[in-house]
Amino acid sequence: MNTHHIIKLCDRCYWDTTTETIKLHNENVPLTSNMRKVLKLLITNYNKPISSIDIFFHIWENFENEYKPRNVRNLISNIRKRIPCLSIVNYYGGSYMLKKNRESHPLFSENLIDILDQAQNGITISDPNQNDNPVIYVNHAFANAFGYTPEEVIGKNCRFLQGDDRNQPALEEIRQAMQAFKDVTVTLRNYHKSGQLIYSEVTISPIFDKKTHKLKYFLGIQKDVTSLQQLIQQIKGMV
Ligand SMILES: Cc1cc2nc3c(=O)[nH]c(=O)nc-3n(C[C@H](O)[C@H](O)[C@H](O)COP(=O)(O)O)c2cc1C
């Protein structure tokens, strides 16, 4: 079983937390043990400045050593040479900080789907480049709210939740917004698998490819507003 934890540092550059090695373009980067120590310190504190003194004593642990900033400077400069894509910045002179792209954070490669899966609001992603814009991802909150499993929803267009209740003015708002690539928030009458009416506040947003700017997905966020709608109906009935 592969228990190695891999962190992406930059494009095609990965840190293996178990072996404390770096792979750049699939090749192991030769590192001295001091370089490895500094890298580990910077990676575990990414986006946080670490003072040169802290780095020095982290490596040359013996406090009787005289602090020599030049040793740290040289070490950092050698790391930069071996891994040019890494962005180790000098921070206010006396500190160093490993700056990573937002996308390089392990959150993006490993945990993002877990996070979406456990969110409390419904989250759906559809693929408008496929016939009839089917759902390609749905989180558990969405599936559970309507009594389905994610597998039962994937591949369908979300309109199946409306059942036969298709005469809803909000649907025209959705169609127009989607055609114009605009965000839209509406309240829809949807139906649980058991047939029970659920008022759902849905926000649909177009998601574009960052490079080509072409439409890639639609993101849907659903919130059950049944209690609120029932209250509104009651108040309307009173006046
Ligand atoms: C990402 C996404 C999520 C959607 N979520 C819902 C939803 O939860 N309930 C619903 O009734 N319609 C939802 N819709 C809207 C329908 O899929 C569809 O666009 C709407 O019914 C209007 O189009 P139609 O006339 O083709 O049915 C969603 C659409 C997208 C793109």
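Worth pointing out:
- Qualifying residue in the range 177-190 (condition: in the same structural domain as residue 228 (by TED's automatic domain parsing), open to solvent by 50 Å² or more (accessible area, probe 1.4 Å) and in contact with a Lys or Arg (Cβ under 9 Å, 6 or more places away or on another chain)): no
- Number of positions in the range 62-88 that are within 24 Å of residue 29 (Cβ to Cβ), exposed (fewer than 13 other Cβ atoms within 10 Å of the Cβ) and either in contact with a Ser or Thr (Cβ under 8 Å, 6 or more places away or on another chain) or not basic (Lys, Arg) (or both): 4
- The sole residue among 122, 163 that is among the small types (Gly, Ala, Ser), surrounded by 15 or more Cβ atoms within 10 Å (Cβ to Cβ) and within 12 Å of the ligand (Cβ to nearest atom) is 122.
- Residue 7 being in contact with a strand residue (DSSP E or B) (Cβ under 9 Å, 6 or more places away or on another chain), open to solvent by less than 70 Å² (accessible area, probe 1.4 Å), of a type in the set (A, V, I, L, M) and modelled with pLDDT under 90: yes
- Scan of the range 142-160 for residues that are within 12 Å of the ligand (Cβ to nearest atom) and either in contact with a His (Cβ under 6 Å, 6 or more places away or on another chain) or not β-branched (Val, Ile, Thr) (or both), ordered by number: 142, 143, 145, 146, 148, 156, 157, 158, 159, 160
- Within the range 221-239, being of a type in the set (D, E, K, R) and over 22 Å from residue 139 (Cα atoms) holds for one residue alone: 236.
- Cross-chain or 6+ apart pairs with Cβ under 8 Å, the range 169-191 first and closer than 17 Å to residue 126 by Cα and within 9 Å of the ligand (Cβ to nearest atom), then open to solvent by less than 80 Å² (accessible area, probe 1.4 Å) and among the polar types (S, T, N, Q): 171/162
- Of residues in the range 36-61 being touching a residue at least 12 places away in the same chain (Cβ under 8 Å) and of a type in the set (Phe, Trp, Tyr), the one most open to solvent (accessible area, probe 1.4 Å): 46
- All positions within the range 194-239 that are within 16 Å of the ligand (Cβ to nearest atom) and on the phi > 0 side of the Ramachandran plot: 195
- Whichever residue in the range 39-79 is of a type in the set (Phe, Trp, Tyr) and in a loop (DSSP other than H, G, I, E, B) and, among such residues, is nearest to residue 21 (Cα to Cα): 46
- Qualifying residue in the range 199-222 (condition: over 18 Å from residue 131 (Cα atoms) and over 26 Å from the mean Cα position of the chain (by Cα)): yes
- Check on residue 203, among the β-branched types (Val, Ile, Thr), surrounded by 14 or more Cβ atoms within 10 Å (Cβ to Cβ) and out of contact with any helix residue (DSSP H, G or I) (no Cβ under 6 Å at 6 or more places or on another chain): yes
- The range 147-160, residues that are under 19 Å from residue 128 (Cβ atoms) and either open to solvent by less than 60 Å² (accessible area, probe 1.4 Å) or within 25 Å of the chain's Cα centre (by Cα) (or both): 153, 154, 155, 156, 157, 158, 160
- Of the residues screened, residue 129 is one that is more than 8 Å from the ligand (Cβ to nearest atom), in the same structural domain as residue 191 (by TED's automatic domain parsing) and over 18 Å from residue 114 (Cβ atoms).
The values are calculated or read from the model by the stated rules, or taken from the named source; none is laboratory data. Remember, predicted model here, so these are calculated numbers, not experimental data. Don't worry about glycine lacking a Cβ; one is built from the backbone with ideal geometry, like all the others, and counts go over all protein chains shown. All accessible areas refer to the heavy atoms of the entire protein, side chains included, with ligands and DNA or RNA removed. Shrake-Rupley method; radii C 1.70, N 1.55, O 1.52, S 1.80 Å.
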